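For reference, the structure is listed below as structure tokens.
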Amino acid sequence: MPTAEDLAAAAEVVGAALAPTPVLATPSLGDGVVCKLETFQPTGSFKVRGGLAAVHRAARDGVAVVTASAGNHGLGVAYAATRFGVDATVVIPENASEKKRAALERFAVTLVRHGHSYEDAEAHALSLAASRHIRFVSPYNDPDTIAGQSTIVTELRSQLDEIRTIVVPIGGGGLVSGVALAAPDGVRVVGVVPEASPAMLRAYERGAVEHVDIAPTLADGLAGNLEPDTVTFPIIRERVESIVAVTEEEIGAAVRTLVYDHGVVTEGSGAVGVAALQTGKVRADGTTVVLLTGRNIAPATLVEVLGER
């Protein structure tokens, strides 16, 4: 479980490495709704925050790292490894986004393609960590990764006079856990998952992590099952008010809204919060912050989604 000291250390590391991302007023989504544009991060995703915090710890400890990723977390780790001079291996599934794979190849890391799902890649990365005695950096089940994601709230508190609600995409739960740990008392934290990958929603409803069937989803960065002992689950059960699910059609409509109405390109994973507001599954309450978590959508996919209007 990340401590208050972990959150403070992450804020120092991330604040020294990254400029704050902007906040965009989006009243068409509801009174008081604003979007936090993590799409402006140098890797195109919020996950660089967790990567910086975790790899900084590894650099301090003098160890190499390995991670598994559908793309964005791997980019965050690769960015941080380059910054801090840490040897890094990134394992991605064979069917990972080509845009994200091409972006990873620009960094001086060892890139391994293994399996056809995040679970396959994660299992291989864990075996590499055990055999090589190096640190596995989970995209969600890691206290430093979670602490790094909490720095979004640190920025928001300096950018907004009031925050009533934060709407957060959920895959493994690293981001929403960091947000929930850092959110001031009285701030409502709401999570959103794709219906096609409801692992955290199922755990939240049933009180235990269990395997679920995963279908293909535009929100590929949120897809996958959970580690049975993930630290994110108890944090979410205690601190997140509710979790809702959105359909593939609703995610696509949210991507189109952001492009056509606001000039913002997001991947499906980054648009699920907007989908929840557009469908009324989450309602704005005072100043409501929607986290747009990434822009790394394949050009062909974006063209297809925009053409469905």
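Computed from the coordinates by the stated procedures, all read-outs in this text should not be read as laboratory data. All values derive from a computational prediction rather than experimental measurement. Here Cβ is always computed from backbone atoms with ideal geometry, including for glycine, and neighbour counts include all displayed protein chains.
Here are a few things to note about the model shown:
- Note on region 47-142: percent of Cα-Cα distances in each 5 Å bin, starting at 0 and stopping at the bin with the largest distance, equals 3, 17, 29, 28, 18, 5, 1.
- The equivalent ellipsoid of region 226-309 has semi-axes of 26, 16, 11 Å, largest first, where each one is the square root of 5 times an eigenvalue of the Cα gyration tensor.
- Under 13 Å, Cβ to Cβ, from ILE166 - net charge with Lys/Arg +1 and Asp/Glu -1: 0
- Whichever lysines have a C-alpha closer than 17 Å to that of LYS99, once near sequence neighbours (fewer than 8 apart) are set aside: LYS47
- Pair-distance profile P(r), taking every C-alpha pair of the chain, with 10 angstrom steps and integer %: 7, 31, 39, 21, 3, 0
- Debye-sum result for region 146-298 in log10 I(q)/I(0), which assumes one identical scatterer on each alpha carbon, at q = 0.08, 0.10, 0.11, 0.21 Å⁻¹: -0.20, -0.31, -0.38, -1.41
- Computed over the alpha-carbon pairs of region 93-139, the distance histogram in 5 Å steps reads 5, 21, 24, 29, 17, 4, 0 percent, short to long.
- Placing unit charges on the Cβ atoms of the charged side chains and taking the dipole of the chain about its Cα centre, the candidate lying farthest along the positive direction among PRO42, VAL23, GLY148 is PRO42.
- One Cα centroid belongs to region 1-53, the other to region 243-286; the line between them spans 19 Å.
- Neighbour counts of other Cβ atoms within 10 Å put ILE235, ILE134 in the fewest-to-most order ILE134, ILE235.
- Proxy reagent accessibility, fewest Cβ within 10 Å first, across VAL55, VAL209, VAL153, VAL193: VAL209, VAL153, VAL193, VAL55
- Size of charge dipole - the chain - debye, nearest 20, with Cβ of Lys, Arg +1 and Asp, Glu -1, no other charges: 560 debye
- Beta bridge orientation in the chain: antiparallel %, DSSP, nearest 5: 10 percent
- Ellipticity at 222 nm from helices only: DSSP H runs of n ≥ 4 in the chain, each -39500 (n - 2.57), divided by the residue count, give -13500 deg cm²/dmol.
- Among ASP120, ASP61, ASP285, residue whose mean-square fluctuation peaks in a GNM of the chain (springs only between Cα atoms under 10 Å): ASP61
- Backbone amide hydrogens, once placed in the peptide plane, bring ALA245 within less than 5 Å of VAL193, excluding anything fewer than 5 places away on its chain.
- Maximal additional length on extending the ARG83-PHE40 stretch stands at 13.6 nm, based on 0.36 nm per residue less the C-alpha distance.
- Local electrostatic count at SER269 - Lys and Arg +1, Asp and Glu -1, tallied over other residues with Cβ under 14 Å: -2
- Length available on full extension from GLN159 to ARG206: 0.36 nm per residue minus the Cα-Cα distance, which gives 13.3 nm.
- A run of the chain free of exposed loop cleavage sites, with GluC sites (Glu not before Pro) counted only in DSSP states other than H, G, I, E and B and at most 13 other beta carbons within 10 Å, reaches its longest extent at 1-93.
- Residues SER177, SER45 arranged by fewest to most Cβ contacts within 10 Å: SER45, SER177
- Isotropically averaged projected area of region 1-41, using the convex hull of Cα atoms (one quarter of hull area), nm²: 4.3 nm²
- Calculated from backbone phi, Karplus (6.51, -1.76, 1.60) coupling profile of region 267-281 in Hz, x at Gly/Pro: 7, x, 4, x, 9, 5, x, 5, 4, 5, 6, 5, 8, x, 6
- Local net charge near THR21, Cβ-Cβ under 12 Å (Lys/Arg +1, Asp/Glu -1): +1
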